[in-house]
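The numbers here are math on the coordinates, done by the rules we state, and not lab data. From a predicted model like this one, the values you see are computed outputs, not experimental measurements. Cβ coordinates were reconstructed from backbone atoms using ideal geometry, including for glycine residues, and neighbour counts include every protein chain displayed.
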2 protein chains.
Amino acid sequence: MVGLPVVELPTAELPTAEPESAPCCPPLVSAELSEADAVRMAAMFKALGDPVRLRLFSKVASHEGGEACVCDIQDVGVSQPTVSHHLKKLREAGLLSSERRGTWVYYRVAPSVLAAMAALLDLNR
Amino acid sequence: MVGLPVVELPTAELPTAEPESAPCCPPLVSAELSEADAVRMAAMFKALGDPVRLRLFSKVASHEGGEACVCDIQDVGVSQPTVSHHLKKLREAGLLSSERRGTWVYYRVAPSVLAAMAALLDLNR
DNA sequence: CGCCTGATTCGACACATGTCGATGTGCTGG
DNA sequence: CCAGCACATCGACATGTGTCGAATCAGGCG
């Protein structure tokens, strides 16, 4: 659980795919961030910086089996298109991944995300 | 340590003298967030969701002695008023506190912030 | 006092973001 | 093949956000 290598964030799985294979999360407090690192990490924080998105992320993360279909989590007080919009943002930020199975689309937390956040805070030092 | 009334984040006020001693963040992945918690936590993430602010935060956090004056950290590629603006945002989000000593204003990371982020990720479970 | 330096505030502006209803797409079942 | 459900995309709109220069405030120093 400890000593994980810094993990890479997809940053986008849409048409706009970039190489962008660099590690995402140097410790936040032990050394000053480079501009490039700051941009990448800020994108992650920004994606979680909306109450609706944070709730959606939490619903997926805490859902049984580690995944949830949209219908399971879409009750967050905004319209269905808006939910879809926010899920897309989370996907583009590399925090969630999606997969269609039959009628439903299932979302799960991207595997390396939590480890990345831990590394970010330098908690496994 | 868990299950207590999560604390209100400042959300405003420049005087910046609030106690702010309790943890702010229920675990993010073990259970679904309430709307109120989501709003509070999202405000925190949002404050870190800008590259300039993230760099400023990192500069303060990693600075020797745990504090830095504005002149030490203002080289982030934007004008000095913009730096001041972002520092204000970080202050309002409860992430930094400031103190004037003579000519200079010193910023430091609010004491409970890092612990709060750790709790948020449920890493001390 | 007057001035210089450090820092915040103000006013303005371009741009990004969150939201909605309407519409489109993909799959299933009759 | 068509009706219907689950999601996604589109277009539009109000609001929020990051940025700047100019003005202002706060201290130190001649």
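Distant-in-sequence amide contacts of B:TYR106, defined by a placed amide H-H separation under 5 Å and a gap of 5 or more residues or a different chain, comprise B:GLU99, B:ARG100, B:ARG101. Peptide A:35-42 has a mean shielding of 5, counted as Cβ atoms of other protein chains within 10 Å of each residue's Cβ.
Legend: calculated FRET efficiency, B:ALA31 to B:CYS71, from the Cβ-Cβ distance at R0 = 35 Å, rounded to 0.05, equals 0.20. For the set A:LYS59/B:LYS89; B:LYS59/B:LYS89; A:LYS89/B:LYS46; A:LYS59/A:LYS88, the pairs lying more than 18 angstrom apart at their alpha carbons are A:LYS59/B:LYS89. For the segment B:59-66, counting C-beta atoms of other chains within 10 Å of every residue's C-beta and taking the mean gives 3. Using the Karplus relation 6.51 cos²θ - 1.76 cosθ + 1.60 with θ = phi - 60°, the per-residue 3J(HN,Hα) values for segment B:82-96 come to 5, 4, 4, 4, 5, 4, 4, 4, 5, 5, 5, 7, x, 8, 10 Hz, with x marking Gly and Pro. Across the identical copies, the 7 Å label point of A:LYS88, projected outward along Cα→Cβ, sits 3.4 nm from its counterparts, in ascending order. Each residue of segment B:33-47 is assigned a 3J(HN,Hα), and the resulting list reads 6, 6, 5, 5, 4, 4, 5, 5, 5, 4, 4, 5, 4, 4, 5 Hz, derived from the Karplus form 6.51 cos²θ - 1.76 cosθ + 1.60 (θ = phi - 60°), x at Gly and Pro. Once Rg and the Kirkwood radius are both taken over the C-alpha atoms of segment B:35-120, their ratio Rg/Rh works out to 0.97. Couplings 3J(HN,Hα) for segment B:58-74, derived from phi with the Karplus relation 6.51 cos²θ - 1.76 cosθ + 1.60 (θ = phi - 60°), are 5, 5, 5, 5, 9, 6, 4, x, x, 8, 8, 8, 3, 5, 6, 10, 7 Hz, where x marks Gly and Pro. Please say if segment B:53-99 is rounded, prolate or oblate, where rounded means a/c under 1.5 for a ≥ b ≥ c the square roots of the C-alpha gyration tensor eigenvalues, and otherwise the choice is prolate for a/b larger than b/c and oblate otherwise? In terms of gyration-tensor shape, oblate.
A label point on A:ASP75, set 7 Å along the Cα-to-Cβ line, lies at 5.5 nm from each of its counterparts in the other copies, closest listed first.
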